[in-house]
Amino acid sequence: MADNLEHLYQTMFPAVVRFLYRKVWDQDRAEDLAQEVFIRAMAHNPDKPRAWIFAVAANLARDEARAAIRRKRHLTLLTNDPVTLASPSVSADEEVERDEQMAQVQEALDALSQRDREVLLLWDAGLSYQEIAAQTGLAVGAIGTTLARARRRLVDAYDRRGSSEDSRAARS
């Protein structure tokens, strides 16, 4: 089992991190949560490890979101927040543009229903239709249609956010 888990870790870790990143929007935290997923996999020795790993990852991300909401309720924002340092290879303008695009993508994902977001993220993480169906409770035959609709809704939500940003900029 240890060899199988090691192979699973080597092949799936990047996909699990990518899946978690799109849930928590923090690369370091996504990597930490992915490590936790594989630690739990070692302890549980699941029969269907791929599906189990993504189920645990989704649960950990959900727990992380709940914890973040609790922290936000208890913390006050500092008015003199230190400026984050830009990486030397990226100009400040490029970093601002990238951050704005990421914020728009995150807002577009947040505008989707939980089911659409979950199906898209699981598909993006490399799960098969069967694994997505097992994770979400949808019929295998409904996954393709659900994915197509979720993609269209994501593009529409992203476009709406972009056009509202453009109209606000034009008014300024």
Summed residue charge, Cβ within 11 Å of residue 131's Cβ, Lys/Arg positive, Asp/Glu negative: +2
Summed side-chain charge close to residue 156 - residues other than residue 156 whose Cβ falls under 12 Å, Lys, Arg +1, Asp, Glu -1: +4
Distance (nanometres) between label positions extended 7 Å along Cα→Cβ at residue 145 and residue 92: 5.2
Theoretical gain in end-to-end length, residue 7 to residue 107 [0.36 nm per residue, Cα-Cα removed]: 32.5 nm
Ascending count of other beta-carbon atoms within 10 Å, so fewest first, for 13, 54: 13, 54
Inter-label distance for residue 29 and residue 66, nm, one decimal - labels placed 7 Å from Cα along Cα-to-Cβ: 1.5
Charge tally in the Cβ shell below 12 Å around residue 109, where Lys, Arg are +1 and Asp, Glu are -1, residue 109 excluded: +1
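Here, each number is a calculation from the coordinates, and none is a lab measurement. In this text the structure is predicted, and so the values were computed from the model without any measurement. Glycine gets a Cβ as well: all are built from the backbone with ideal geometry, and neighbour counts include every protein chain shown.
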